[in-house]
Amino acid sequence: MGVVNVTPDSFSDGGRYLDHDAAIAHGHRVVAEGADWVDVGGESTRPRAEPVPVDEELRRVMPVVRALAADGIPVSIDTRKAEVARAAVEAGARLVNDVSASLAEVAAEGGVGFVAMHMMGDPRTMQDDPRYDDVVVEVRDFLVARAEAARAAGVGEVWIDPGIGFGKTVEHNLDLLANLDVLVATGFPVLVGTSRKATLGALAARVDPGGRTPPPTDRLEGSVATALWSVRCGAAMVRVHDVAATVRALEALELAAPVA
Ligand code: PMM
């Protein structure tokens, strides 16, 4: 899944694709590079981001969703708002990627797929002091409950996603990545998004002689490494910014060490 953020402030690529034509071109580019889905989002969910009014979010994403869907590209809409999800599905989006895990009804009504992602709290406060007794068990139980509710509401295709970086410390994120098999064992297809996230910056700083944290655009190695790890643990999809590098790395891994 390739990311197209039509936002001025996403941590990873904010401002690059705010212009509709640039966003549409980027959607085509990630498909040419090997993405099966293009995830279009108009509200940054980075820590401490302020919510975006619905009209502004619609203005940002709709021309992009409409154009990519009209070109036959499988579009996922990354939103927490029912109005935006509904409009995007009417315009041809086929997956509702909902970081609040609460829009299953919209996906059911539209006859499209649904991603239930785990987040503790909301983006404004989620990184303040996240605490869990057992992050893996709590995230799994939350996701299974939301995914079963989505099935009961009539959604045919339900994905689960641990929500790396959404109300989690570096250690929580690493614990989730180390135990992805627990999510895979639920039987729901698992989506993982580590691309360019702060945890990868923290890991890079641990091995940097000067303890330097690279900016989001300089976290390619960690992004690719964790995408490969996720796929080898059984994740069915990874959400990435650097599609070409990720696809090439996955292909090389498959050739070097094919899965039996
Ligand atoms: N991460 C971001 C946004 N949307 N959706 C899913 N399902 N999983 C994620 O991990 C996820 C997401 C934040 O990253 P961005 O600001 O680079 O889009």
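The values are calculated or read from the model by the stated rules, or taken from the named source; none is laboratory data. What you are looking at is a predicted structure, and each value in this text was computed from that prediction instead of being measured. Every residue, glycine among them, receives a Cβ derived from its backbone with ideal geometry; neighbour counts consider all protein chains shown. Surface accessibility is based on the protein's heavy atoms, side chains included, excluding ligands, DNA and RNA. Shrake-Rupley method; radii C 1.70, N 1.55, O 1.52, S 1.80 Å.
Points to keep in mind about this one:
- If the chain linking Val54 and Glu33 were pulled fully straight, counting 0.36 nm for each residue of separation and taking away their Cα-Cα distance, it would gain 4.4 nm.
- Taking the chain as a Gaussian network of alpha-carbon nodes connected by springs under 10 Å, the highest mean-square fluctuation of the residues Arg124, Arg80, Arg66 belongs to Arg124.
- With a cut-off of 12 Å on the backbone N, no residue of region 223-240 is near the modelled label site 7 Å out from Val182 along Cα-Cβ.
- Here r is the Cβ-Cβ distance between Ala236 and Glu138 and R0 is 22 Å; the resulting FRET efficiency, rounded to 0.05, is 0.50.
- In the chain, helical runs assigned H by DSSP with n ≥ 4 each contribute -39500 (n - 2.57); averaged across all residues and rounded to the nearest 500, the mean residue ellipticity at 222 nm is -13500 deg cm²/dmol.
- DSSP H segments from the chain that extend 15 Å or more along their own axis, Cα-based, with Kyte-Doolittle mean of -1.0 or above: 20-32, 54-70, 135-153, 220-232, 243-256
- Set of region 10-35 residues, backbone N closer than 18 Å to the point 7 Å along the Cα-Cβ line of Arg248: 29-35
- Rounded if a/c under 1.5, otherwise prolate or oblate - region 1-82, Cα gyration tensor axes: prolate
- Distance from the C-alpha centroid of region 4-83 to that of region 134-163: 24 Å, rounded to the whole angstrom.
- Here the calculated FRET efficiency for Arg151 and Leu255, from their Cβ-Cβ distance with R0 = 41 Å, stands at 0.65, rounded to the nearest 0.05.
- Extension gain for the segment Glu221 to Asp71, taken as residue separation times 0.36 nm less the Cα-Cα distance, is 50.8 nm to one decimal.
- Global form of the chain, assessed from the alpha-carbon gyration tensor, a/c cut-off 1.5: rounded
- Per atom type, region 196-260 shows carbon and sulfur on 64% of its accessible surface, probed at 1.4 Å.
- Restricting region 154-249 to trypsin sites (Lys or Arg not before Pro) in coil, as DSSP defines it, with at most 16 other Cβ within 10 Å: Arg212
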